[in-house]
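Okay, structure first, notes after.
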Amino acid sequence: MSIGESATELGKVRGLGSARAGGVGWLGERISSVALLLLGAWFVASLLFLPKLDQRTLAEWLRSPAGAVPMALFVITSFWHSVDGLKQVVDDYVEGEVGRWFVNTLVLFLAVAGASLALFALGRIAFGAAA
Amino acid sequence: MVVSILHRITGAALSIVGLAIMVWWLMAIAGSPEAYASFTHRVWGDLGDLNWNGLRAIAGSLAKIFLKLALFGLTWAFFQHLFSGIRHLIMDSGMGFELRANKAGAIATIIGSLAATALIWAYWLGAFE
């Protein structure tokens with residue numbers, strides 16, 4: 001009997017071992033969630049404490065290092081965590097290996113595009129000519 | 001059970017609608033005061049002058065209502081996902097699996113998210129001034 005074959009269900013699971021890359025993914029999602037806890041709290045607190053929410057105030061806030069750096073981290077971590085989380089949902093609900101691979105790849109492409117667009121916008125606010 | 005499913009639904013909503021609006025928001029700030037005004041006009045349109053004459057106007061009016069509801073919904077989704085996320089982290093450590101504690105924790109995330117959403121919007125809409 002080779003590895004993974006067993007007379008009982010439990011024996012089969014034991015024989016198969018771990019899903020190899022599972023542990024890294026599991027830990028990665030929890031690390032990004034702790035980071036988002038801090039960054040999310042920072043984001044909400046910032047919106048509450050800004051005197052106004054017009055374009056001038058927001059651009060001024062995001063031009064300063066105290067605004068630009070956490071916001072860039074918030075963007076990157078949010079997209080990262082979204083890719084991780086959506087992958088779980090896709091793996092659970094989309095039928096077929098090919099279908100899952102296709103949707104997961106599509107999600108990854110869209111996330112990279114979205115994150116790049118957001119970082120480009122932040123760069124333009126921080127380094128562009130003052131409006 | 002319900003809270004676990006809500007965690008997935010709110011997570012998917014934040015990932016898709018939330019991040020799309022966030023990118024749009026940052027692009028608008030990077031643009032100009034006019035670009036930002038057009039962004040706020042879209043997502044926070046005046047519901048007093050909705051126009052229902054013709055297909056385009058109806059689509060525009062529905063979009064205005066949808067985006068406004070989406071902002072309330074996303075605020076709630078943010079807090080619900082954050083609180084149930086904290087609950088999941090606690091449960092990962094092996095705590096909170098006793099039936100009563102588990103149920104109390106689940107209910108607390110729902111009450112917490114609704115309260116936080118109500119408070120924050122009351123503040124933004126000027127209820128505390």
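The values are calculated or read from the model by the stated rules, or taken from the named source; none is laboratory data. Model, not experiment: these values are computed from the prediction. Ideal geometry is used to build each Cβ from the backbone, glycine not excepted, and the neighbour counts take in all protein chains shown.
Some observations on this one:
- Residue count for region B:15-43, restricted to those that are more than 8 Å from chain A (Cβ to nearest Cβ), at pLDDT 95 or above and either outside any helix (DSSP H, G or I) or over 25 Å from A:L108 (Cα atoms) (or both): 0.
- Total residues in region B:84-108, condition surrounded by 15 or more Cβ atoms within 10 Å (Cβ to Cβ), hydroxyl-bearing (S, T, Y) and either away from chain A (no Cβ under 14 Å) or free of Cβ contacts under 8 Å to residues at least 40 places away in the same chain (or both): 0
- Restricting attention to region A:69-103 and to residues that are of a type in the set (F, W, Y) and surrounded by fewer than 16 Cβ atoms within 10 Å (Cβ to Cβ), the residue that is nearest to B:W25 (Cα to Cα) turns out to be A:F102.
- Only helices (runs of 4 or more DSSP H) whose full extent lies in region A:18-131 are considered here, and the ones with at least 3 residues that are within 17 Å of the chain's Cα centre (by Cα) are A:22-49, A:65-93, A:97-127.
- Cβ-Cβ contacts under 6 Å between residues 6 or more apart (or on different chains), taken from a first residue in region A:70-99 that is at the interface with chain B (Cβ under 9 Å from one of its Cβ atoms) and under 19 Å from B:A77 (Cβ atoms) to a second residue that is at pLDDT 95 or above and surrounded by fewer than 17 Cβ atoms within 10 Å (Cβ to Cβ), are listed as A:V83/A:L108.
- Boolean, B:G73 is more than 14 Å from chain A (Cβ to nearest Cβ), in a helix (DSSP H, G or I) and within 15 Å of B:T10 (Cβ to Cβ): yes
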